[in-house]
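**Q** Submitted below is the structure of interest, expressed as structure tokens.
The values are calculated or read from the model by the stated rules, or taken from the named source; none is laboratory data. Quantities reported herein were computed from a predicted structural model and do not represent experimental measurements. Note that we place each Cβ from the backbone using ideal geometry, even for glycine, and neighbour counts take in every protein chain shown.
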Amino acid sequence: MQCKQCVVLLLLGSACSGVVISQEATGDSSTGGKSAAGNTTVIAAGGGASGAASPVLPAAGVFRLTSEQYRNSLRDLLGDSAPLQTIERDIVVKGFASVGAGTAGVAESAAESFETGASAAAAFAFGTKGSKRSLLTCAGTSGPDETCAKGFLKTFGRKVFRRPLVATEEASLLKVWKDVSALEKDPWRGVEIAVSAMLQSPNFLFRAQEGEPDPANPSRKRYKSFEMADRLSFFLWNTTPDEALLAAAEAGDLLTPSGLQAQAKRLSASPRARVALGAFMAEKLDLASIDLISKDAKTFPLYTPALAATMKAETQRLVDYVLFENNGDFMDLIDTRTTFVNKALAAVYKIPNITSDTLVQTTLPADSVRLGILGQASFLASKAHIVKTSPTLRGKFVVERLLCGEIPAPDASVDTLIPNDPNLSMRDFLEAHRKNPVCASCHKLMDPIGVALENFDGIGAFRTQDAGRTVDASGDLDGQPYKDLRGLAALLRKSPEVSACVVKDLLRYATGDASAEQDPLTIEKLTKTFESNGRQLAVLASAVASSDAFRFASNP
Amino acid sequence: MNRNNGFSRRTILRGFLQGSAIQLALPPLEEMLNFHGDAMADGTAIPRKFGVWYFGNGVRAERWTPANVGANWTVTDELAPVVNAAPGLKDYVSVISGMDAKGDGYVHAGPASAALTGTGLNHSVGDNGTPQGPSIDVLLAGLIGGNTPFGGVHSGLYNFLANGSVYHAISHKGPDAPNYPELDARKIYNRLFGAGSPGEKIGGMAPVPVANNTIALRRSALDAVLSDCNALKSNVSAASRQRIEQHCESIRSIEKRLVDVPATVMAACIKPMSPTNITDAKAGNALYGSSAAFKEVNQTMSQLLAHAMICDLTRVFTHCYTNPAAHWNYDANLVGGGVPGSFHELTHREGGDQPNVHKAVVQQMGHLGDTLKIFKDTPLGAGNLLDHMSMMVTSDCSRGQNHDPKDMPFLVIGKAGGALKGNMHFRGTGESITKATLTAARAAAPGLASFGEGNQRVTDVVTSLMT
């Protein structure tokens, strides 16, 4: 649906008003997915209203490895120094590459990249000086014979395909080994090329998650043993399953709640989970957009590309600190006054006495307007233009990334002419959005929140003046007033939507399904778990991994 | 057989910038052509080519659109660099104005999708959009590609960094199925003429490499991959099957190119030398920092595209000179006053009648002129490559300042084997821009009945442009 229709809903007094996103089922029949939702309320509960007996489960599907997953898998299969081919950029849907992976295919240029990558990786590992040749302990001085090769392909193939090979796959790979060994008169070459075939196979590049009928409940599907290993590993470690996980899958452990929880716990406790969850947060907070920053040198003499990198590092460091080093309460991200700066960034924040070029921990003054992730330059600078700030972009970020709201796209007939008057303050400048009802229907959802951040300029430096006038950062969040970011942060910290949005994002990320948050019961249950466990992200991750939404799928 | 021209027609034409020896290939051998030299010996016409040359951020309509309509349009400031690049070029260039991008209102992205695919966009949080259907070049590859080894060749100088495949690819097979432009001319060369490529065995100045097993080894691995693919296809649900099938198709396309190139293609041209003028600094988004190398890289890629077409390695191309909403940085000395920075930002920020935006558009159109000169200087049949091509040029808005989707800039270039008149200006009255796309496309593929969906669907073309 597009914004023009939103005006009609506004007149009918529907929920397309106000800023806080209601969680009530709206009766909207859209089922999420990629097209813009029916209106800006978050959950369109689909066919079943709240209180339905069986939860709405995500659909099963097929997911292409994201570039990070591809790199991590190659590294875990072949060793840390395996050459890494640049492959196509990921498709991001609903903020996450793991969701986009459900729509990504392998077009021709991608197939070529994967072929080149597979061949280079195989050569590295099994070529003349290959590091992995030692895996073929059965190989004699003249190289592996057929039995040896066959055994190796079966064992190694299980790691690459993340499940045991079927007979036809074994035969197919053995044929490659035979043909190439004969052609090149070298059985090692046969191994190398067979491995190359494995590493560009759809069985490696795609994670098929098709499931099987659930014997306990035929109305739904359950993910198969090895599919669960795959899901768990890519969710918690963003890489291919390790041997322990494959063994658990073999034993059927992952099909039982206790077996699944045990593995989920093991993975969550590992430092690898910390890295993977950090990557999840980087996506949730859209940190990649910092790489796109371009700022006017005259207006912002402090800005450099190196500073942009520091801004990103600051947020990553803070996220890691709050979630894993401090008491782990997610909401501290909203209002903490701890942060990490170096000399260059401290100059932007006007924090005195920072001389280090590397990040050091610091505490902002107790009453500072700047606090939390919304007070960080990474967010403030990336959601701004080359000179001016952008309350719209900043407000959109809060609505979409923190509240899990949806803003419809502008209609084709909307005139997006931007007036160029240097005498207007940003707040006044935005009046055009507010006065025109066609614009207002969507902009009123974003601009007021963004205005709360007007105390921070285009690179995040604090200011009290804009175009010669004192900044007025006041507004309200669903009727509750704030004077500036401090007030807004206090409201967001208490907001059940922010909490629920973490759950929805993590669920979506874990299942790869954009509609995974369609079931209010699942969200409610997981949010309760989150809230009653000090809002620890790792605990939530474990709970998600054990949830029905992670183990079962709807029958198509 | 027309042999009087003898050696003059077989003269090797040497390349351009800095002594780099990109050779233009020879025209198809006289023996291949009929008496008049304008068709193949067996009576079939020289296959038509279709191309898309794309640039981002629009133009200044008041300095772009010709004042008169009909034949022999008056040259404007922003179109002068296009037609002045070579004598007689104006005969090949027609202008369509007054048509609008309809469909999705998402700025830059919506109109990009409109002109290229005639569909709206799918987009969500973090995703600026992907078109809902295939792009015109993909449709044409299916219609006119024949047995060429490459359905399409996709080149480009510059790409955007934010998410959303509509920003990254001019060509799409469908939603989330972009054919990304190759930004490294060396890789374009390798794919067309390098080791193991279909063009490798075309005779050329470089020695033909000694036969090795590379192709056999590749084929061996790819056969196994394809068999995995076919098996997986039948093991996944219907919803996922198409994507797996796309993978299988990609493997098959690669394998198709591993067979020996037919003798007719081998005889028709000479393999160019590798573009040694291209360094890492002139490949990929290294060009982001400065536009200085744009001219050279654009020319190199245009040469490669020309070779690819006259060697019949492809009949379709897309050239992402710059992508929708491109943030390419123009040189400080281009626009004067030492104001470097993103062209995109300039279109929004510059006041008045935007003299610097105009200068930047003029520079870009000069590069389009370079491409056209190269195509026109490439002999093909009795004439040149442009005689047998229909190429569309368009952008993601008219006025960049406010992302105006109305009165979109659009050029139809080439004679398309006699289907296009050239030197015409047609001014529409707010029709969907897809009509312009269909016009360019049908000139190369007469069988294309319609283009676009919903309120962008069209079946008629601009007849005044056609012969």
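**Q** Looking at B:E249, B:E296, can you tell me which residue is at pLDDT 90 or above, assigned to a helix (DSSP H, G or I) and more than 9 Å from every other protein chain (Cβ to nearest Cβ)?
**A** B:E296
**Q** If we keep just the residues of region B:300-327 that are among the small types (G, A, S) and within 22 Å of B:Q364 (Cα to Cα), which is nearest to the chain's Cα centre (by Cα)?
**A** Within region B:300-327, the match that is nearest to the chain's Cα centre (by Cα) is B:S302.
**Q** Let me ask you something else. Just checking, how many residues over region A:350-372 are under 26 Å from A:K483 (Cβ atoms) and in contact with a Ser or Thr (Cβ under 8 Å, 6 or more places away or on another chain)?
**A** 6
**Q** Kindly indicate the residue of region B:155-191 that is among the charged types (D, E, K, R) and not in a loop (DSSP other than H, G, I, E, B) and also farthest from the other protein chains (Cβ to nearest Cβ) among those meeting that condition.
**A** Looking only at region B:155-191, we keep the residues that are among the charged types (D, E, K, R), and these are B:173, B:176, B:182, B:184, B:186-187, B:191.
Subset that is not in a loop (DSSP other than H, G, I, E, B): B:173, B:182, B:186-187, B:191.
On the way: B:K173: 6, B:E182: 7, B:R186: 14, B:K187: 10, B:R191: 7 Å.
The extreme case among them is B:R186.
**Q** For residues in region A:327-365 being of a type in the set (D, E, K, R) and touching a Lys or Arg at 6+ places or on another chain (Cβ under 7 Å), which is surrounded by the fewest Cβ atoms within 10 Å (Cβ to Cβ)?
**A** By that ranking, first place goes to A:D357.
**Q** Within region A:213-232, is even one residue touching a helix residue (DSSP H, G or I) at 6+ places or on another chain (Cβ under 8 Å) and of a type in the set (D, E)?
**A** Looking through region A:213-232, none of the residues is touching a helix residue (DSSP H, G or I) at 6+ places or on another chain (Cβ under 8 Å) and of a type in the set (D, E).
**Q** Right, next: So which residues in region A:208-236 are outside any helix (DSSP H, G or I) and buried (at least 22 other Cβ atoms within 10 Å of the Cβ)? Give the steps one after another, and end with the answer.
**A** Filtering region A:208-236 for residues outside any helix (DSSP H, G or I) gives A:208-224.
A:A208, A:Q209, A:G211, A:K221, A:Y223 - these are the residues of region A:208-236 that are outside any helix (DSSP H, G or I) and buried (at least 22 other Cβ atoms within 10 Å of the Cβ).
**Q** Can you name the residue in region B:311-358 that is out of contact with any helix residue (DSSP H, G or I) (no Cβ under 7 Å at 6 or more places or on another chain), part of a helix (DSSP H, G or I) and away from chain A (no Cβ under 13 Å) and is also modelled with the highest pLDDT among such residues?
**A** B:P355
**Q** Give just the number: which of (1) within 14 Å of chain B (Cβ to nearest Cβ); (2) not in a loop (DSSP other than H, G, I, E, B) does A:K295 not satisfy?
**A** (2)
**Q** Moving on to the next point. In the list A:D286, A:D253, A:D242, which residue meets the criterion of being among the acidic types (D, E), crowded, with 17+ Cβ neighbours inside 10 Å and within 14 Å of chain B (Cβ to nearest Cβ)?
**A** A:D286
**Q** Next up: Would you mind listing the helices (runs of 4 or more DSSP H) fully within region A:83-176 where at least 3 residues are within 11 Å of chain B (Cβ to nearest Cβ) and in contact (Cβ under 8 Å) with a residue 60 or more places away in the chain?
**A** Here the list reads A:108-126.
**Q** Filter region B:112-143 down to the residues that are more than 9 Å from every other protein chain (Cβ to nearest Cβ), assigned to a helix (DSSP H, G or I) and crowded, with 24+ Cβ neighbours inside 10 Å and list them by number.
**A** Within region B:112-143, B:A112, B:S113, B:A115, B:L116, B:T117, B:I136, B:D137, B:L140, B:A141 qualify.
**Q** Okay, moving on. Would you confirm, using the coordinates I've provided, whether A:G450 is closer than 30 Å to A:L506 by Cβ and either at the interface with chain B (Cβ under 10 Å from one of its Cβ atoms) or at pLDDT 85 or above (or both)?
**A** Yes: the conditions hold for A:G450.
**Q** What number of residues in region B:405-420 are touching a Leu at 6+ places or on another chain (Cβ under 8 Å) and farther than 16 Å from B:V83 by Cβ?
**A** 0
**Q** Residues being facing chain A (nearest Cβ under 7 Å) and either of a type in the set (G, A, S) or outside any loop (DSSP other than H, G, I, E, B) (or both): count how many of those fall in region B:96-111. Even if it seems obvious, please write down each step before you answer.
**A** Within region B:96-111, the subset facing chain A (nearest Cβ under 7 Å) is B:102-107, B:110.
When the remaining residues are screened for being either of a type in the set (G, A, S) or outside any loop (DSSP other than H, G, I, E, B) (or both), the result is B:103, B:105, B:110.
The number of residues fulfilling the criteria is 3.
**Q** I'd like to verify a number: residues in region A:366-389 that are over 24 Å from the mean Cα position of the chain (by Cα), surrounded by 17 or more Cβ atoms within 10 Å (Cβ to Cβ) and at pLDDT 95 or above, how many?
**A** So the answer is 2.
**Q** Among the residues of region B:376-402, which ones are within 14 Å of another protein chain (Cβ to nearest Cβ) and in contact with a Gly (Cβ under 8 Å, 6 or more places away or on another chain)?
**A** Within region B:376-402, B:D396, B:C397, B:S398, B:R399, B:G400 meet the criteria.
**Q** I would also like to ask the following. List every residue pair whose Cβ atoms lie under 8 Å apart, where the two residues are 6 or more positions apart in sequence or sit on different chains, the first residue falls within region A:185-196 and is in the same structural domain as A:R158 (by TED's automatic domain parsing), and the second residue, located anywhere, is assigned to a loop (DSSP other than H, G, I, E, B) and among the polar types (S, T, N, Q).
**A** Close Cβ pairs (under 8 Å, with a partner that is assigned to a loop (DSSP other than H, G, I, E, B) and among the polar types (S, T, N, Q)) amount to A:P187/A:S142; A:W188/A:T128.
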